[in-house]
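Student: Have a look at this one.
Read-outs throughout are calculated quantities, based only on the coordinates presented, and are distinct from any laboratory measurement. Computed from a prediction, not measured in an experiment: that's the story for all the values here. Cβ sites come from the backbone with ideal geometry, for glycine too, and all protein chains shown count toward neighbours.
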Amino acid sequence: MINTRLFNCKDEELPVVSKAVAFALKRDFADFAAYSPKFTEVYVTDYENKITVVTDLLEPKSETLAKKIITERYSNTMNNLIDPINRVTGYLNLAKATLNITPASFGFAALRKSILYHDVEGVIANLHIVLANIQTYKAPLAEQGLMTS
């Protein structure tokens, strides 16, 4: 079965446009009913029910709730990285004479920027860089107090 697209807007715009049409249909119902016997109260109810179905397909409430929970979880996780980043930055600054590496070149600037913009992919990529640098410079950082267990 081929589904023919009978609208020119984006899928997510369809419920909004349809609700505007339903509003106009109800507001001007007398004119529509006078135009054709097809436009009845049942027609309006059916149309509104179809809008509800489309809205639930495009924006299911369970999906919206799940997205909200996931967003809160990754936002909290990213925000909880700030304290460990500050600590390791401190150890890096204490080891500056030995390592001569800036926090930016260690990867902290990019990681902080990704956290600030809630860029999950950027946080993951930059965290890999920071963790690799921690592994590479574990001994001098441990001398400054970094626990690596």
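Student: Could you size up the charge dipole of the stretch 70-144 around its Cα centre, putting +1 on the beta carbon of Lys and Arg and -1 on that of Asp and Glu, and report it in debye to the nearest 20?
Tutor: With Lys and Arg at +1 and Asp and Glu at -1, about 160 debye.
Student: Still on this structure: Placing +1 at every Lys and Arg Cβ and -1 at every Asp and Glu Cβ, with all other atoms neutral, what dipole size does the chain have around its Cα centre, in debye to the nearest 20?
Tutor: Charge dipole of the chain: 520 debye, to the nearest 20.
Student: What does the helix-only formula give at 222 nm for the chain: each DSSP H stretch with n ≥ 4 adding -39500 (n - 2.57), the total divided by the residues, and the result rounded to the nearest 500 deg cm²/dmol?
Tutor: Result for the chain: -22500 deg cm²/dmol, rounded to the nearest 500.
Student: Please list, in order along the stretch 97-104, the HN-Hα scalar couplings obtained from phi with the Karplus expression 6.51 cos²θ - 1.76 cosθ + 1.60 (θ = phi - 60°), rounded to whole Hz, x for Gly and Pro.
Tutor: Coupling constants for the stretch 97-104: 5, 7, 8, 6, 10, 7, x, 5 Hz.
Student: To continue, here is another question. I need the phi-derived Karplus couplings for the stretch 83-95: 6.51 cos²θ - 1.76 cosθ + 1.60, θ = phi - 60°, integer Hz, Gly and Pro marked x.
Tutor: Karplus-based 3J(HN,Hα) across the stretch 83-95 equals 4, x, 4, 4, 5, 5, 4, x, 5, 5, 5, 5, 8 Hz.
Student: Among F23, N93, T4, whose Cα sits farthest toward the positive end of the charge dipole of the stretch 1-100 (+1 at Cβ of Lys/Arg, -1 at Cβ of Asp/Glu, about the Cα centre)?
Tutor: Positive-most Cα among the choices belongs to N93.
Student: How high is the FRET efficiency between E59 and A22 when r is their beta carbon distance and R₀ equals 25 Å, given to the nearest 0.05?
Tutor: Working from the Cβ atoms, E equals 0.90.
Student: Lys pairs in the stretch 1-146, Cα-Cα under 15 Å, at least 8 apart or on separate chains: how many?
Tutor: Step by step, the pairs that qualify in the stretch 1-146 add up to 4.
Student: Rounded to the nearest 20 debye, what is the charge dipole size of the stretch 1-66 about its Cα centre when +1 sits on each Lys and Arg Cβ and -1 on each Asp and Glu Cβ?
Tutor: Computed charge dipole of the stretch 1-66: roughly 140 debye.
Student: Can you work out the Karplus-derived ³J(HN,Hα) for every residue in the stretch 107-122? Use 6.51 cos²θ - 1.76 cosθ + 1.60 with θ = phi - 60°, whole Hz, and x for glycine or proline.
Tutor: Along the stretch 107-122, the couplings run x, 6, 4, 5, 5, 4, 5, 5, 5, 4, 8, 6, 8, 4, 4, x Hz.
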